[in-house]
Amino acid sequence: MRTSRGAWSLAGLVAGFAGLAASYFVAMAMTIRDAPLVAVAERVIRLTPGGIAERAIRILGHHDKTVLQLVIFMLCGVLFAWAGRLARRTWWAPTVVFAVLAVVGGVAVWFQHGATTLDLLPVAVGFATWLVCLSLLTEPLRRHELALEAAPDDLDPSHADHPDHTRRSFLLRAGAMVVAGAVLGVVGRAVGRGRRHVEETRRLLRLPGVTPPEVPVGVRVGVKGVSPWMTPNDDFYRIDTAIVVPTIEPADWALRIHGMVDREVVVTYQQLIAREMTEAWVTLNCVSNEVGGDLIGNAWWSGVRIASLLELAGVQPGADAVLQTSSDGWTCGTPLSALADTERDALLAVAMNGQPLPIDHGFPVRTVVPGLFGYVSACKWVVEMKVTRFADIEAYWTGEGWSERGPVKLSSRVDVPRDGTEVPAGIVTVAGVAWAQHTGIEGVEIALDGEAWRPARIAAVPNEDTWVQWAAALDVGPGDHTVKVRATDRSGLVQTGVIREVVPDGATGWHTIGFTAKEQDTDG
Ligand SMILES: Nc1nc2c(c(=O)[nH]1)N[C@H]1C(S)=C(S)[C@@H](COP(=O)(O)O)O[C@H]1N2
Ligand SMILES: [Mo]
């Protein structure tokens, strides 16, 4: 007696469809793309010679795409079952089958218009799900087979390897996977619909008073390899605790300002964008940015000054904090002084680099406060502001050992040469960025191989809230070298070389990189 081929095929099928469901769910939740299977169908249509495609459309009518997807779906089923049967002999053969399918899906996704690496995540998750589910299902089958090969009658019925047990454990696992897959499918469908709808609304939005970004003259230091002064939305770092990002229709959005105020204020999206727009270049960075790290970006933000709304509400004496809440429940405590400051562009931002906020960056409305780390100020999908006292609140991260207040720290970074690279000996241009938002950068210095600090040239800035690019030319001989950088802010503070971790209120230390200068060919 053996386990039936059917059981192994079933294992392959269940694992396969669980993987498809997982990839579908991730695609719906994290990207605005179709599921990988749909991408494959589209690719097939693209690659099909026109004549055949036309004939297919004539025969099938406009159901051609549905039929094609169904065919691909069934083809997957056949391959899944085959992979399950292969799993009986080896672990690698089904892995190869799944890997090939994943590559096909990955390629199809990758060649969709404007695809990013994030769009590959669904395929990766699907592949991982296949392997995990298949091994979870084949394990009891294997034990079952061993038990049947041995003398089953000798086995105590309560023994874990008794055929009854292995059979039950197989069926339980398969059942659980089918249920989980179905739930993922249904939830994914709902989430995907919401997200696509909001993405469409966002695409059609026209925001009065929002102008496209115009990078100011002179902000570029003109060295290749330095981070662009304006960070495009797609390249802007993203940090949040949301697994599934909130998708909020502007029409459903409102901000409630309450707490220690004379009168509660509720602002709808329409009311917000009808107010006076303020636009400003502001560099945003994360407290978790390591020395030399890239959790920083600079954008042209358009929005409404929070101070003007706080004025409407009438802040009561004794308050020193605003507890902001996101629609996903995330909170941050922001110093009231920074939000009420009429000299500062603390904004309820509706646009980033001239576009309605990307969903991942807080659509439809997020907070941006120059001079403060994101975790204490830059609330995405913000829906509530409670005027209060620091003594009375605990925000998301301050409950986790991070500092209550998070003013940004004076910092600088070397972008070129990249750490560990080779450059020709001779004149080497070193360049990077420095920032001290809302204080401003006065100067940048670099030191080669531990020698004395020497000044770098710094580019222009439109205000004190953005980073500044810097560059310096060094004459270096062949061999290994290090360069470190430090900045001075406009209050006269010199960036400290003391090395501190990012917890509790931001890393410190001088960014130091190493490079090798190679003797140039002298012939010719
Ligand atoms: N709702 C919400 N807003 C949030 C966060 C979050 O986890 N949830 N993270 C904050 C942190 S730690 C940072 S650094 C910034 C990052 O903003 P970005 O993703 O637009 O770059 O958002 C802030 N706003
Ligand atoms: Mo952050």
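Derivation of every value follows stated rules applied to the coordinates shown; laboratory data play no part. Predicted model, so just to flag it, every value in this text is computed and none were measured. Using ideal geometry, Cβ is built from the backbone for each residue, glycine included, and neighbour counts are taken over all protein chains shown.
Past 31 Å, Cα to Cα, is the threshold; run 224/518; 386/409; 409/518; 65/380 against it and keep the listed order.
Where the Cα-Cα span goes over 31 Å, the pairs concerned are 409/518; 65/380.
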- For the chain, what are the DSSP H helices with axial Cα length of 20 Å or more and mean Kyte-Doolittle hydropathy of at least -0.5? 5-30, 64-86, 92-110, 121-149, 163-204
- Item | DSSP-loop chymotrypsin sites (Phe, Trp or Tyr not before Pro) across segment 418-473, with at most 12 other Cβ within 10 angstrom | none
- Estimated FRET transfer efficiency (residue 197, residue 422; beta-carbon r; R0 56 Å; 0.05): 0.65
- Item | Cut-off 14 Å, label 7 Å out along Cα→Cβ of residue 454, residues of segment 410-428 by amide N | 426-428
- Item | Net charge of neighbours whose Cβ lies under 11 Å from the Cβ of residue 511, counting Lys and Arg as +1 and Asp and Glu as -1 | 0
- Note on the structure: Between residue 394 and residue 342, the two model label points (7 Å from Cα along the beta-carbon direction) sit apart by a distance in nm of 3.8 nm
- Item | Computed E for residue 480/residue 224 - FRET, C-beta separation, R0 22 angstrom, nearest 0.05 | 0.45
- Item | Calculated P(r) of the chain - Cα pairs past 28 Å, % | 66 percent
- Pair residue 180, residue 447: separation of 7 Å Cα→Cβ label points (nm): 5.4 nm
- Task: Starting from segment 212-270, pick out the chymotrypsin sites (Phe, Trp or Tyr not before Pro) whose DSSP state is loop and whose Cβ has at most 11 other Cβ atoms within 10 Å.
- Result: none
- Message: If you filter segment 193-278 for trypsin sites (Lys or Arg not before Pro), then keep DSSP loop positions with at most 10 other Cβ within 10 Å, what is left?
- Response: 206, 224, 263
- Which of the aspartates and glutamates could be linked to residue 484 by a straight reach, that is with a Cα gap under 19 Å, when you skip same-chain ones fewer than 8 residues away? 290, 294, 415, 419, 422, 442, 445, 449, 451, 475, 501
- Go through segment 427-438 residue by residue and turn each phi into a ³J(HN,Hα) via Karplus (6.51, -1.76, 1.60, θ = phi - 60°); whole Hz please, and just put x for glycine and proline. 7, 10, 8, 9, 8, x, 10, 9, 8, 7, 4, 6
